[in-house]
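First the structure, in the form of structure tokens, and then the observations on it.
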Amino acid sequence: MSSPSLAPSAPSAVTPADAPSRSTAFLVQRTRRRTLISFEVFPPRPEVAPTQAWQAIDTMAQAGPDYFSVTHGHQQSAHAHRELIRHLLEHTEVPVLAHLICAGRTQDDLRALVAGLITEGVRDFLALRGDPLPGATEWVDEPSGFNRAAELVRAIRQIEEERLHPPAGIGARPISISVAAYPRSGAPRDYSRDLHALWEKQEAGADYAITQVFYDAEDYARLVDDARSQGIHLPIVAGIAPLTSAKRLQRLQQITGVPVPEHLLAHLEGVDEAELGRRGVAATLHLIDAVLELGCPGLHLFTFNRYRAPLSILEHLRIRDAARQHRAGTAAASAATALP
């Protein structure tokens, strides 16, 4: 099913050959005057209410996050992935971060995919190794593929050199590359190996990292501190799941291995839908406030193609940003008035 068009009030289209005016790397690393927030979406599946999913994505697009990211997993077709990326590039004015996974693809396949996406206007990539292929419990190296995300990062930089000819001296790279980071949050992972992999991705040319889901701000703090102690200076964006559905969080636990705190599940039980939404958004904002106080440069919201909670969170954050700017302006005006 083809994607519907946004309402006429949507921002003007970006021609496919044009890059967004600001990369996600710039947005993450610039001076933070307001809260940076991105929405992660996935290609609508034809067999699961595609019209509703497209409408949800378009509703989120009109709300104006700072950028979008589009997932690409084993069960998602390459055509659907690129269709959603093109749709967002054509109907919004924000960068679109394209997920790339090594699993199940040869090096030639991935190089051709990156080159094609660049031709269509993509300038932002999330480079992931990906999970083992369906039916496998552990990663098996593929001789014809990339077996580490750092290898994919390096390949993207090589394609950038070949196709976009970035400046040799001062000047922003035309391509921004993000990578995954994994807090020590109870998942069955080798934390030391994950840190070493993050360093490898930095050295290969990554610009910033996005964390896997977590539920305690201290997990984020420990990750940042441990990364800095190991010479990893990448900005680390917090990956946040809206805490509005116990069922969805339990499903996320099955996928990621990150356990959902029992107190959070209890907080979401036994209430009607309206109260559930209020409790969930409040719990999410509490976690967001905590990581922002720790100096987090931005938020990456896993939307699950559901728009209500992401839009409530975005609206709360934008109101807070406006209030903070108003206070700063009022204070500056008062100080100027007080001068002799």
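The values are calculated or read from the model by the stated rules, or taken from the named source; none is laboratory data. Just so we're clear, the structure is a prediction, and the values are computed from it rather than from any experiment. Reconstructed Cβ throughout: ideal geometry from the backbone, glycine too, with neighbour counts over all protein chains shown.
Taking segment 201-306 as the region of interest, none of the strands (runs of 3 or more DSSP E) fully inside it holds 3 or more residues being more than 18 Å from the chain's Cα centre (by Cα) and free of Cβ contacts under 8 Å to residues at least 12 places away in the same chain. Pairing each residue of segment 170-187 that is in contact (Cβ under 8 Å) with a residue 40 or more places away in the chain and farther than 29 Å from V260 by Cα with any residue that is of a type in the set (D, E) and assigned to a loop (DSSP other than H, G, I, E, B), provided the two are 6+ apart or on different chains, yields C-beta distances under 8 Å for R173/D207; S176/D207; I177/D207.
Picking from residues in segment 85-140 that are over 23 Å from A209 (Cα atoms) and of a type in the set (S, T, N, Q), the one that is nearest to the chain's Cα centre (by Cα) is T92. The number of residues in segment 21-44 being surrounded by 15 or more Cβ atoms within 10 Å (Cβ to Cβ) and assigned to a loop (DSSP other than H, G, I, E, B) comes to 8. If D141 satisfies every condition in (1) touching a residue at least 24 places away in the same chain (Cβ under 8 Å); (2) charged (D, E, K, R); (3) in a loop (DSSP other than H, G, I, E, B) but one, which is the exception? Status for D141: all satisfied but (1). Please verify whether segment 38-50 includes one or more residues that are more than 18 Å from the chain's Cα centre (by Cα) and in contact (Cβ under 8 Å) with a residue 60 or more places away in the chain. Scanning segment 38-50, I find no residue that is more than 18 Å from the chain's Cα centre (by Cα) and in contact (Cβ under 8 Å) with a residue 60 or more places away in the chain, so the answer is no.
Quick check on E138: is it touching a Ser or Thr at 6+ places or on another chain (Cβ under 8 Å), under 28 Å from Q254 (Cα atoms) and surrounded by fewer than 19 Cβ atoms within 10 Å (Cβ to Cβ)? The answer is no for E138.
Here R318 meets the list (1) under 21 Å from F42 (Cβ atoms); (2) basic (K, R); (3) part of a helix (DSSP H, G or I); (4) in contact (Cβ under 8 Å) with a residue 60 or more places away in the chain almost entirely, failing just condition (1). Kindly evaluate L234 against the criterion of being aliphatic (A, V, I, L, M), under 24 Å from G295 (Cβ atoms) and surrounded by 17 or more Cβ atoms within 10 Å (Cβ to Cβ). Taking the combined requirement at face value, the residue satisfies it.
Per the conditions (1) at pLDDT below 95; (2) more than 13 Å from the chain's Cα centre (by Cα); (3) surrounded by 22 or more Cβ atoms within 10 Å (Cβ to Cβ), the sole criterion not satisfied by H72 is (2). Within segment 276-333, being surrounded by fewer than 16 Cβ atoms within 10 Å (Cβ to Cβ) and closer than 24 Å to L223 by Cβ holds for H286, D289, E293, L294, G295. Identify the single condition in (1) part of a loop (DSSP other than H, G, I, E, B); (2) at pLDDT below 95 that R327 does not satisfy, given that it satisfies every other one. Failed condition: (1). Would you call T106 at pLDDT 90 or above and under 27 Å from P132 (Cα atoms)? Considered against the rule, which asks whether it is at pLDDT 90 or above and under 27 Å from P132 (Cα atoms), T106 comes out as yes. For segment 81-101, the condition holds for no residue, the condition being that it is small (G, A, S), touching an Asp or Glu at 6+ places or on another chain (Cβ under 6 Å) and either surrounded by 14 or more Cβ atoms within 10 Å (Cβ to Cβ) or at pLDDT 90 or above (or both).
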